[in-house]
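Sharing a structure with you now.
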Amino acid sequence: MNNLTVDVFKGKEASVNSYIFSNGKSILVMDVLRSTEDAKELAEFIKSKALPLTHILITHGHPDHYMGMDYLKSVFPEVKIVVSNEETKQDIISFSTWMDGIGWLEGEPNLKPKSDKNPEGFDYENQIKVLEGNTFTLDGGGTLEIKNDYQAAEAEHLTTVFSKDMNALFTSDFCYNGVHLWLGQGVGATHIANWKTQLNRFKKQYTNANLRVYPGHGSESGIELFDTVLKYIEDFERTIVASSNREEARKEMESLYPNWEQAGFLLMHSVDNHMGLKEGK
Ligand SMILES: [Zn+2]
């Protein structure tokens, strides 16, 4: 027995989650929020556990899952930042390079990719390591099963974590719960088709009614969350087809999902992207 436990830390920006795994001897944190501001609160929470933070695992190359890493590294200098494959590392570098290019990192200068122009920037290439193998054992025991052989969906590459001890699946952004999905830039028709296929695979693979499902955004749930997300995607697709403009599409989704968070950010970008794709045809 290794008594693995998990704490959820909910970020303010983008309603994104950090998951703090512990065996009572050390800590691994999965995903580290959208901003340095949120990461400061996360760091306080981790410190309150009074255990060494050994690893930060980033599940995919979207900034709401990795922007806090520079701050955490400054508070926990021994921590190793890891991803499950080289592709995810390159996704992170590409996203930050793109954000830097359009001025989106002016508020987070420490996350600008380190270069001659930005000598104080973040050294993504050397700071982010690629894990070997498809399991991760915490210092002191407790094993997480790591999977990344997925088709491009919400992101080009996604990592999930399963814990047999906790009977828990950490889906990263394959699942959202009570938070509008990201179907924005980078999530086209093929990604959506792959996403739905994968949700149906999860449904076939995880039939244990007691399984806990921890989404990338929003609250934990049971296996019914796979159906909730599938239905959301289908509602979204239908809404895009039926709507004659962006505002109509947004309003329809907001009326179908009145209490879901991030309508002004995630839903807005998702509608813009797919109405744009529709108009482009
Ligand atoms: Zn996300």
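The values are calculated or read from the model by the stated rules, or taken from the named source; none is laboratory data. Given the structure is predicted, the values throughout are model-derived calculations rather than measurements. A quick note on method: Cβ atoms are made from the backbone with ideal geometry, for glycine too, and the neighbour counts reach across all protein chains shown. Heads up: the accessible areas ignore ligands, DNA and RNA and are worked out on the full protein's heavy atoms, side chains in. Shrake-Rupley method; radii C 1.70, N 1.55, O 1.52, S 1.80 Å.
On a straight-distance basis, which lysines could pair with Lys73 in a cross-link, Cα separation under 16 angstrom, same-chain partners fewer than 8 positions away excluded?
Lys40, Lys47, Lys112, Lys114, Lys129
Further, regarding this structure: Ordered by packing density, taken as the mean number of other Cβ atoms within 10 Å over each peptide's residues, highest first, how do 57-68, 174-185, 113-124 rank?
Peptide ranking by packing, descending: 57-68, 174-185, 113-124.
Taking all protein chains in place and a 1.4 Å probe, what share, in percent, of the accessible surface of the chain do carbon and sulfur account for?
49 percent
Counting only the heavy atoms of the protein chains, how much of Val82 is accessible to a 1.4 Å probe, in Å² to the nearest 10?
In the full protein context, Val82 sits at about 10 Å².
In 10 Å bins starting at 0, how do the alpha-carbon pair distances of the chain split up by percent?
Distribution as computed: 6, 29, 36, 22, 6, 0 percent.
Rounded to the nearest 5, what is the percent of antiparallel bridges among the DSSP beta bridges in the stretch 1-135?
50 percent
Would you tell me the accessible area of Glu145, worked out with a 1.4 angstrom probe on the heavy atoms of the protein chains, in Å² to the nearest 10?
The accessible area of Glu145 comes to roughly 80 Å².
Can you give the accessible area per residue of the stretch 148-281, in Å², using a 1.4 Å probe?
45 Å²
Further question: Please enumerate, by chain and number, the lysines with C-alpha under 25 Å from the C-alpha of Lys203, excluding those fewer than 8 residues away in the same chain.
Lys147, Lys164, Lys231
Please state the relative contact order of the chain as a whole percent: Cα pairs under 8 Å, 6+ residues apart?
Value for the chain: 15 percent.
On to the next question. Which of Leu28, Leu53, Leu211 moves most in a GNM of the chain, Cα contacts under 10 Å?
With Cα springs under 10 Å in the chain, the top fluctuation among Leu28, Leu53, Leu211 is at Leu211.
Also, I was wondering about something else. Which shape class applies to the stretch 148-281: rounded if a/c is under 1.5, otherwise prolate when a/b exceeds b/c and oblate if not, where a ≥ b ≥ c are the square roots of the Cα gyration tensor eigenvalues?
Note, shape of the stretch 148-281 comes out prolate.
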